[in-house]
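Here the structure is laid out as structure tokens; the discussion comes afterwards.
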Amino acid sequence: GIYLSEEPQLTEISRAFEETQLSLQGKRIEDLIDLPPMTDPQKLVATRILLKLCPAAYMVTPELLPLIIFQQIKLALEYGNAPTHTHAYANYGLILCGVKADLDSGYQFGQLALTLLEKLDAKPFKAMTIFVESCFIKHWKNHIKETLKPFLDSYFSGLETGDLEHAGYSAHRYCYHLFFSGATELSRVELEMQTYSDAINKMNQDSILRLHEIYHQVVLNLLGMVENPCRLIGSACDETKLLPLHISENYRIACYYFYLNKLILCYLFGEHHQAIENSVEAEKYLDAAIASVLVPIFHTYDSLSRLAVWSSFDSEEQKQILTKVTENQEKMQKWATHAPMNYLHKFYIVEAERYRVLGANLEAIEMYDRAIELAHTNEYLNEEALAHELAAKFYLNWGKEKIAQVYLTDAYYAYARWGAKAKVEDLEQRYPQLLAPILNQNKSIHPGNTITTMTHGTITSTSSGISEILDLTTVIKASQALSVEIQLDKLLSTLMQVAIENAGASKGALILEQGGKLLIEATGNSGNSDITVLQSIPLETSNEIPKSLINYVTRTQEPLIYNNLPKEIPNSNEPYIIQHQPKSVLCLPIQHQGKAIAILYLENNLTTNAFTPDRLAVLKILASQAAISIENAQLYANLETKVEERTQELSQALSHLKTTQEELVQSEKMAA
């Protein structure tokens, strides 16, 4: 039998690890792929039981997880590889990375897990194996953005195989990796979070949903949708109700989520003493986040928060702060050596602040600039903005206001491009004198307003006319309407209504790519709530939309806008344009993970210049949500078909078995 302690001690874990390492001695990690297949029925059952214990152990009793994994490795070495060992090897990599800091060996075990997964075609274990490798191993060697696609692969695999638990985990981790990667505008992150919040809820994964909603609220705070950005109280979650509940339940990872994010928010919004209080609490639950990206993030903000209050302590306490920061930085430096694209700029941000408090200004200047450059190179817009802001404070305190103004302006625009409206407003309130050129320019156009993003991913103006400001509330509501639909016909109908309404179109159509063919699957008109869907009309046979424009966008995968079609294409030979003479036309490609899946066609036959940059920006956001929803709906439809087919097969098999039994009974009677 296999014995596991209910409350394992550190000595027991260390001894078990040493025994496992000893059994692996002399074996190359990559050669474990050649172990014979496990055939012992009892051992196969044992591996499955151990497998089922892993998620609960990680969430509630993390110290039990290593013992489970060591038992799995022992069984593999003695009895051969089983499909469950795809997950076991990934988990062993997790231990090596997160506990033993052996990042190279841990990464090799992660690769072994993926190779074994492919070799055995172990589909029932695909979701969980990819999840573990993406969440706890990959980021130690690869850019965090390279985890996003694997998380979605794990999510869809979990849906397909019925592993809803790991589908839920993968959806959740995809969202907060998207958030921490800093390259995606926050309103888009929020839309993704709402989409997967609905998906996790439909899967009845309540414990995962509670985790997901914490990060959803963090994003809402940064978007400026709450009164106090340092408190996680809003439409997604309420810390006053949930945090005490999680503490009483010993839901350690949820407690860590709360305290870590309150640490980050308090630091960003200048509540540094509160940040330290939350850091102290977060550290108590740090073991619950073992091997995840949340560990380096904790050490970064723990150091920054302590250095921020340096001047308010006496010399003895300052020594303690430096000792703590040095301990953090030793870890960060090692992590940065293995994954500089994720952690080196974080290391430099803290180094800059450390040199600042020590009065080493030249060294601090060098570190600030290195942090900014690396954050920019690796597309961490969030931390590029932070590094600019900290450099601005440094120069301002040094009395170099002109230099401070340059860095603060860069911070302001970086936070704005990230979509952190609450942080933009925070800078306006704290540094009106340094931001006066920007704020005065805004006031000269329309008093009382601030920066707004005018084009996708790039700020091209700081105008704030009411007609030019994206109504984020409307966009979010429209996106939520798309995210909740899982039936394809209802989804397409909702998409057409939302697109026509938000774009100011008089007519619209949605063309889906299926099997290499373009099919018109939805059409609608303004003022008419009836949307025609799922007729699957081949584009080449239709005379209801301009085929040449659709084909052009299909080839180029670039948006196509005509603000005054009769003047811009006066001699068009397109039959539809000749007959209907639309004034404004917009064709927008819809892509998912770089793959073209649909074309949205909209026209206005009454007005020129109907599709403004603002409306295009709204449609791009909605198109991103639509791509995810269409993929989900199509997957759901396929799954329903498969379930129906399997049900019919089972019914036929049972019918055949019943007939065979009756024939046997009859033959026995005849023999008697």
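What dipole magnitude, in Debye to the nearest 20, does region 139-233 give about its Cα centre under +1 on Lys/Arg Cβ and -1 on Asp/Glu Cβ? Walk me through the intermediate numbers first.
Numbers: 8 positive and 12 negative charges, 56 e Å.
Dipole size: approximately 260 debye.
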Original post:
Tell me, how many Å apart are the Cα centres for region 110-150 and for region 171-235?
Top reply: 23
Subject >> Karplus (6.51, -1.76, 1.60) ³J(HN,Hα), θ = phi - 60°, over region 596-610, in Hz, Gly and Pro reported as x >> reply: 6, 10, 6, 10, 9, 10, 9, 9, 10, 8, 10, 10, 7, 6, 6
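Once you list every other residue whose beta carbon is under 15 Å from the beta carbon of SER584, what net charge do they have if Lys and Arg are +1 and Asp and Glu are -1? Spell out each step's value before the answer.
Values: positive: LYS507, LYS567, LYS583, ARG615; negative: GLU568, GLU603, ASP614.
Its environment carries a net charge of +1.
Once you compute Rg and the Kirkwood Rh from C-alpha atoms, what is the Rg to Rh ratio for the chain?
Values: Rg = 28.6 Å, Rh = 27.9 Å.
Using Cα coordinates only, the ratio equals 1.03.
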Original post:
Amide H of GLU574: which non-local residues (sequence gap of 5 or more, or other chain) have their own amide H closer than 5 Å, using H built in the peptide plane?
Top reply: none
**OP:** Take the alpha-carbon centre of region 592-612, take the same for region 240-306, and report the distance between them in whole Å.
**Re:** 43
Subject >> Proximal charge balance of ASN342 [Cβ under 13 Å; K/R count +1, D/E count -1] >> reply: +2
Subject >> Table column - 3J(HN,Hα) (Hz), region 345-350, Karplus curve with 6.51, -1.76, 1.60, x for Gly and Pro >> reply: 5, 5, 4, 5, 4, 5
Original post:
What dipole magnitude, in Debye to the nearest 20, does region 482-625 give about its Cα centre under +1 on Lys/Arg Cβ and -1 on Asp/Glu Cβ?
Top reply: 240
**OP:** Over 27 Å between C-alpha atoms is what I'm after, so list which of LYS43/LYS123; LYS126/LYS262; LYS324/LYS393; LYS141/LYS423; LYS145/LYS547 land there.
**Re:** LYS126/LYS262; LYS141/LYS423; LYS145/LYS547
Subject >> Dipole of the chain, positive end: most advanced residue of LEU22, LEU616, ALA101 [Cβ charges, Cα centre] >> reply: LEU616
Subject >> Taking region 482-625 and dividing mean pair separation by its residue count, relative contact order in percent (alpha carbons under 8 Å, at least six apart) >> reply: 25
**OP:** Would you grab the residues whose amide H sits under 5 Å from the one on ASN564? Only those 5+ places off in sequence or on another chain, please, with H modelled 1.01 Å from N.
**Re:** ASN609
Original post:
Short version: ³J(HN,Hα) in whole Hz for each residue of region 129-139, in order, from phi by Karplus 6.51 cos²θ - 1.76 cosθ + 1.60 (θ = phi - 60°), x for Gly and Pro, what are they?
Top reply: 5, 5, 4, 4, 5, 6, 7, 10, 10, 4, 5
**OP:** Please list 529-537, 167-175, 45-53 highest first by mean number of surrounding beta-carbon atoms within 10 Å per residue.
**Re:** 167-175, 45-53, 529-537
Original post:
Which far-off residues, 5 or more places away or on another chain, put their amide H under 5 Å from the one on MET38, with H placed in the peptide plane?
Top reply: ASN81, ALA82
Subject >> DSSP-defined antiparallel bridges as percent of all bridges, the chain, nearest 5 >> reply: 95
**OP:** Can you tell me how much longer the chain between LYS517 and LEU534 gets when fully stretched, taken as 0.36 nm per residue apart minus their C-alpha distance, in nm with one decimal?
**Re:** 4.7 nm
Subject >> Among GLY158, ASN604, LEU243 - extreme Cα towards positive end, dipole of the chain, charges at beta-carbon >> reply: ASN604
Subject >> Where the Cα pairs of region 482-625 fall when distances are cut into 5 Å bins, in % >> reply: 2, 10, 21, 25, 23, 13, 5, 1, 0
Subject >> Cβ crowding within 10 Å averaged over residues, with 384-392, 156-164 ranked highest first >> reply: 384-392, 156-164
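Which value, in debye to the nearest 20, gives the size of the charge dipole of the chain about its Cα centre, when Lys and Arg are +1 and Asp and Glu are -1 at the Cβ? Provide the component values of the computation, followed by the final result.
Details: 56 positive and 80 negative charges, 153 e Å.
Charge dipole of the chain: 740 debye, to the nearest 20.
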**OP:** Rank these for me by crowding, ARG356, ARG210, going from fewest to most other beta carbons within 10 Å.
**Re:** ARG210, ARG356
Subject >> Longest to shortest principal axis, alpha-carbon extents of region 294-381, angstrom >> reply: 38, 27, 19
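Every number in this text was worked out from the coordinates using simple rules, so none of it is lab data. Bear in mind the structure is a predicted one, so any value in this text is a computation, not a measurement. Every residue, glycine as well, gets a Cβ built from its backbone with ideal geometry; the counts of neighbours run over all protein chains shown.
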